[in-house]
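Here is the structure we will look at, set down as structure tokens.
The values are calculated or read from the model by the stated rules, or taken from the named source; none is laboratory data. As the structure is a prediction and not an experimental result, all values here were calculated from the model. Here the Cβ is made from the backbone with ideal geometry for all residues, glycine too, and neighbour counts use every protein chain on show. Surface areas here come from the heavy atoms of the whole protein model, side chains and all, with no ligands, DNA or RNA. Shrake-Rupley method; radii C 1.70, N 1.55, O 1.52, S 1.80 Å.
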Amino acid sequence: GESVGLHLPTLSVQEGDNSIINCAYSNSASDYFIWYKQESGKGPQFIIDIRSNMDKRQGQRVTVLLNKTVKHLSLQIAATQPGDSAVYFCAEKGGNNRLAFGKGNQVVVIP
Amino acid sequence: GAVVSQHPSRVICKSGTSVKIECRSLDFQATTMFWYRQFPKQSLMLMATSNEGSKATYEQGVEKDKFLINHASLTLSTLTVTSAHPEDSSFYICSARDPTSGGGNEQFFGPGTRLTVL
């Protein structure tokens, strides 16, 4: 059921600064990872993905870094904008294309 | 990009009633759809995998008789919450996998359905 009083880790960042969000994943055999952005009351929105044969991938204002040695994923957002305020989730693909989501990080952009 | 819709977006029902939520892929055919549940301030938890033309595969701890899934066509999956109770109140989100996109890895998410059981 619902848990009361949970708080997501929150990153407060000044508009224009860079943001870094971190994620630890669990399955060393996972070969595909995705970052999603979720705004309040909406479904997750795809940001960027990376396969396990890469350690870095860049998109528009976003970069994903993958460190398989320590099972760590990060998302870097350049020049953070107010529209970037949201909850960010990493996800790893498991068997049968099932996704396992991380806990989530709240990003709050201060104008 | 591919679009997935859900209906209704919000539903309020009395305890003991059943509620059906629809998930549609609007511009692609999805042999596989997924149903998630999300409680406030928490992550998405996969409930089940919906396979067109066959039975759904449920995650451990999810009651298949409580959460009925039907995937009757390549563009529609439905989730029915039977005999809903207040603890079933949650945000239900579906996703659909486009086998022709991103090497078949990419899933497209619906906007979610907020269920409130009184």
Check: When residues of segment B:66-87 are filtered for being out of contact with any Lys or Arg (no Cβ under 8 Å at 6 or more places or on another chain) and closer than 13 Å to B:CYS13 by Cα, how many remain?
Finding: 4
Notebook entry, point to check: Failed condition for B:SER101, given (1) closer than 16 Å to B:VAL4 by Cβ; (2) crowded, with 16+ Cβ neighbours inside 10 Å; (3) within 11 Å of chain A (Cβ to nearest Cβ), with all others met?
Noted result: (2)
Note to self: Quick check on segment A:77-99: of everything there that is open to solvent by less than 60 Å² (accessible area, probe 1.4 Å) and away from chain B (no Cβ under 14 Å), which residue is nearest to the chain's Cα centre (by Cα)?
What the structure shows: A:ILE77
Notebook entry, point to check: Do we have A:ILE34 as open to solvent by less than 10 Å² (accessible area, probe 1.4 Å), without any contact (Cβ under 8 Å) to a residue 40 or more places away in the chain and within 14 Å of chain B (Cβ to nearest Cβ) here?
Noted result: no
Check: Can you name the condition, by its number, that B:PRO86 falls short on among (1) buried (at least 19 other Cβ atoms within 10 Å of the Cβ); (2) in contact (Cβ under 8 Å) with a residue 24 or more places away in the chain; (3) under 25 Å from A:GLU39 (Cα atoms)?
Finding: (1)
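For residues that are within 25 Å of B:PRO86 (Cα to Cα) and surrounded by fewer than 19 Cβ atoms within 10 Å (Cβ to Cβ), tally how many sit in segment B:59-74. Steps first, answer last, please.
First pass over segment B:59-74, keeping only residues within 25 Å of B:PRO86 (Cα to Cα): B:59-70.
Next, from what is left, pick out any that are surrounded by fewer than 19 Cβ atoms within 10 Å (Cβ to Cβ): B:59-66, B:68, B:70.
Of the residues in that region, 10 qualify.
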Next item on the list: For segment B:4-30, enumerate the residues that are surrounded by fewer than 17 Cβ atoms within 10 Å (Cβ to Cβ) and within 11 Å of chain A (Cβ to nearest Cβ).
Entry: B:SER5, B:SER9, B:ARG10
Next item on the list: Could you tell me whether B:SER77 is touching a residue at least 12 places away in the same chain (Cβ under 8 Å), under 20 Å from A:PRO44 (Cα atoms) and away from every other protein chain (no Cβ under 14 Å)?
Entry: yes
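To keep it simple, each residue is scored yes or no on (1) modelled with pLDDT of 95 or more; (2) within 24 Å of A:LYS37 (Cβ to Cβ).
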{"site": "B:VAL11", "(1), (2)": "yes, no"}
{"site": "B:PHE34", "(1), (2)": "yes, yes"}
{"site": "B:GLN60", "(1), (2)": "yes, no"}
{"site": "B:LEU74", "(1), (2)": "no, no"}
Margin query: Quick check on segment A:40-57. Is at least one of its residues surrounded by 14 or more Cβ atoms within 10 Å (Cβ to Cβ), in contact (Cβ under 8 Å) with a residue 60 or more places away in the chain, within 14 Å of chain B (Cβ to nearest Cβ) and touching a Pro at 6+ places or on another chain (Cβ under 9 Å)?
Written below: no
Next item on the list: Take the residues in segment B:104-116 that are open to solvent by 10 Å² or more (accessible area, probe 1.4 Å) and at pLDDT 95 or above, then tell me which one is farthest from the other protein chains (Cβ to nearest Cβ).
Entry: B:THR116
